[in-house]
Amino acid sequence: MKSMPAYTIKFLTGSQDLYGDETLAQVASNSKKVVEALNQSGLMPCPIVWTPTVLTPEGIKAELEAAQADQGCAGVIAWMHTFSPAKMWIAGLSVWKKPLLQLNTQFNRDLPYADIDMDFMNLNQSAHGDREFGFITARMDIPRTVIAGHWGNTHTQERIARWMRVACAVADGKTLKIARFGDNMREVAVTDGDKVAAMIRYGWSVPYYGIGDLAERIRSVSDADTNRMVDLYAAEYAIQDGPDPAYTRTHIREQARIEIALRSFLDEIGAKAFTTNFQDLHGLTQLPGLACQRLMADGYGFAGEGDWKTAALVRTFKVMSAGCEGKGFGNSFMEDYTYHFGNADRDALVLGAHMLEICPSIAEGKARLEVHPLGIGDRDAPARLVFDAKPAPAICAAVTDFGNHFRCIINKVQVVKPEGPFPKLPVARVLWKPEPDMIRAAEAWIYAGGGHHTAFSNIVTADMVRDWAEMTGTECVLIDNSTTEASLRNELRWNASYWR
Ligand code: MN
């Protein structure tokens with residue numbers, strides 16, 4: 001996904017009117033400089049909007065109400081430059097439903113040993129002002145993220161930028177439509193779920209569309225449009241003609257028609273994510289393969305077999321990493337497909353893939369465009385992109401429905417270079433080593449009830465997904481190098497009592 005949708009983040013500086021005009025003028029000037037520096041860092045995914053210092057309960061409530069009502073405002077960063085008595089924040093925070101970042105910073109980086117006096121101490125008070133604010137957000141149980149660090153420090157700025165990306169993705173979810181072509185795959189449990197609960201929690205709307213309507217549109221795609229699309233394919237991918245070039249090209253043309261029809265259908269209904277189901281392809285001659293791969297590369301969320309939760313999560317990752325995809329760094333729909341156990345637990349790997357639909361944003365090098373029959377379903381051989389993924393640290397994440405709440409499970413993984421070329425495997429694939437190792441990760445994932453479908457990313461970090469879970473009221477289970485079976489099973493039991 002090339003660019004972030006047009007959101008802003010509001011910056012609120014807390015103080016009170018006891019300090020007098022001179023100090024408050026200094027507070028305003030300092031907070032303006034902080035916001036300017038963040039905006040000019042080149043790291044922020046969208047503009048941070050400075051607001052005059054808030055000094056009273058009425059002023060705080062008015063600013064938070066305005067930000068709450070502003071469709072373009074994805075969240076608020078709050079910083080207590082001085083002490084700001086937190087009872088003043090209760091009325092405002094009571095109406096606040098969007099992401100909140102408490103930035104615990106200070107204008108002055110270092111203690112001015114030679115010059116420090118009580119005026120300096122009274123002006124640079126976030127060390128205790130932010131604790132007062134922290135108490136009230138904890139007391140009111142407001143979902144929030146706390147970042148401590150000097151505002152001029154690149155590491156602090158990067159953390160703020162990542163939080164902003166997550167806030168933008170939460171905002172995107174509030175209007176996200178996930179079109180389902182076909183229902184959930186028959187009898188599959190984990191991909192199904194409560195669509196009403198998901199809309200209440202995330203804003204996701206999950207309407208159904210008859211596959212026949214899409215089939216009709218595919219048949220009406222013009223030859224000229226199809227030719228243009230096939231030319232694009234030839235420029236972007238290495239087309240493998242195989243023993244019968246005419247056969248290959250005919251099948252690629254059909255996939256181009258599917259892509260054109262799908263794209264116009266989704267844009268017309270305002271859907272940024274979609275699912276397909278290979279059991280329900282009425283009127284389609286091929287399962288959409290290349291079409292899904294290219295739409296994902298353009299920022300659409302996708303998952304197979306009617307899995308709308310994973311499609312929504314892929315879209316969420318696309319927004320979180322808007323503007324960062326490229327050179328093998330990206331996001332994709334993924335499935336744990338096959339294991340490599342090897343001689344020892346530490347050698348064990350997972351081979352991830354899907355029938356066809358892996359996003360080429362994670363490809364190492366140029367993807368090959370190939371046509372092969374599909375061993376499952378009863379349709380023509382579909383065109384698909386085949387590639388290996390870029391070796392890099394990554395995450396796999398899934399959202400599952402536990403009836404009374406949603407659980408997000410994340411596993412940190414390391415994508416590795418395959419030992420061999422997989423000459424007979426006609427799909428895109430990703431070979432990875434999970435943390436802490438494949439054996440323990442698989443056990444933990446299965447204990448946590450995570451399904452076989454995931455959203456995969458080598459840009460979005462586990463911390464970002466944890467922030468997303470915090471902002472949306474989702475249980476979050478992280479499987480990484482610190483995970484042990486005993487701690488994970490206890491965590492699941494403790495979480496169950498919290499989320500019940
Ligand atoms: Mn699947």
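The table for this structure:
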{"item": "Qualifying strands (runs of 3 or more DSSP E) (wholly inside region 46-116; at least 2 residues being within 27 Å of Glu158 (Cβ to Cβ) and open to solvent by less than 30 Å² (accessible area, probe 1.4 Å))", "result": "73-80, 100-104"}
{"item": "Number of the exception - Arg294 against (1) closer than 30 Å to Glu158 by Cβ; (2) of a type in the set (Lys, Arg); (3) open to solvent by 20 Å² or more (accessible area, probe 1.4 Å)", "result": "(1)"}
{"item": "Looking only at region 297-334, and only at residues there that are open to solvent by 10 Å² or more (accessible area, probe 1.4 Å) and in contact with a Ser or Thr (Cβ under 7 Å, 6 or more places away or on another chain), the one that is nearest to the ligand (Cβ to nearest atom)", "result": "Glu305"}
{"item": "Region 464-491, residues that are touching a residue at least 40 places away in the same chain (Cβ under 8 Å), outside any loop (DSSP other than H, G, I, E, B) and surrounded by fewer than 16 Cβ atoms within 10 Å (Cβ to Cβ)", "result": "Glu485, Arg489"}
{"item": "Filtered residue count, region 335-350, keeping only those that are part of a strand (DSSP E or B) and either open to solvent by less than 30 Å² (accessible area, probe 1.4 Å) or within 24 Å of Ala469 (Cα to Cα) (or both)", "result": "4"}
{"item": "Of all residues making up region 193-213, the number that are buried (at least 17 other Cβ atoms within 10 Å of the Cβ) and either closer than 22 Å to Pro360 by Cβ or under 26 Å from the mean Cα position of the chain (by Cα) (or both)", "result": "8"}
{"item": "Residue list for region 167-181, filter: open to solvent by 10 Å² or more (accessible area, probe 1.4 Å), among the aliphatic types (A, V, I, L, M) and over 10 Å from the mean Cα position of the chain (by Cα)", "result": "Ala171"}
{"item": "Tally, over region 9-45, of residues that are hydroxyl-bearing (Ser, Thr, Tyr) and surrounded by fewer than 18 Cβ atoms within 10 Å (Cβ to Cβ)", "result": "3"}
{"item": "Residues that are assigned to a loop (DSSP other than H, G, I, E, B) and either among the hydroxyl-bearing types (Ser, Thr, Tyr) or open to solvent by less than 10 Å² (accessible area, probe 1.4 Å) (or both), drawn from region 443-462", "result": "Ala448, Val460, Thr461"}
{"item": "Only one of Ala78, Ala69, Ala114 that is touching a residue at least 12 places away in the same chain (Cβ under 8 Å) and not charged (D, E, K, R)", "result": "Ala78"}
{"item": "Filter pass, Arg429 being charged (D, E, K, R), within 16 Å of the ligand (Cβ to nearest atom) and touching a residue at least 60 places away in the same chain (Cβ under 8 Å)", "result": "yes"}
{"item": "Condition met for Arg186 (open to solvent by 50 Å² or more (accessible area, probe 1.4 Å) and modelled with pLDDT under 95)", "result": "yes"}
{"item": "For Pro391: the one exception among (1) in contact (Cβ under 8 Å) with a residue 40 or more places away in the chain; (2) more than 16 Å from the ligand (Cβ to nearest atom)", "result": "(1)"}
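The values are calculated or read from the model by the stated rules, or taken from the named source; none is laboratory data. Owing to the predicted nature of the structure, the values given are computational and were not obtained by experimental measurement. Cβ sites come from the backbone with ideal geometry, for glycine too, and all protein chains shown count toward neighbours. Note: accessible area is taken over every heavy atom of the protein model, side chains too, but ligands, DNA and RNA are not part of it. Shrake-Rupley method; radii C 1.70, N 1.55, O 1.52, S 1.80 Å.
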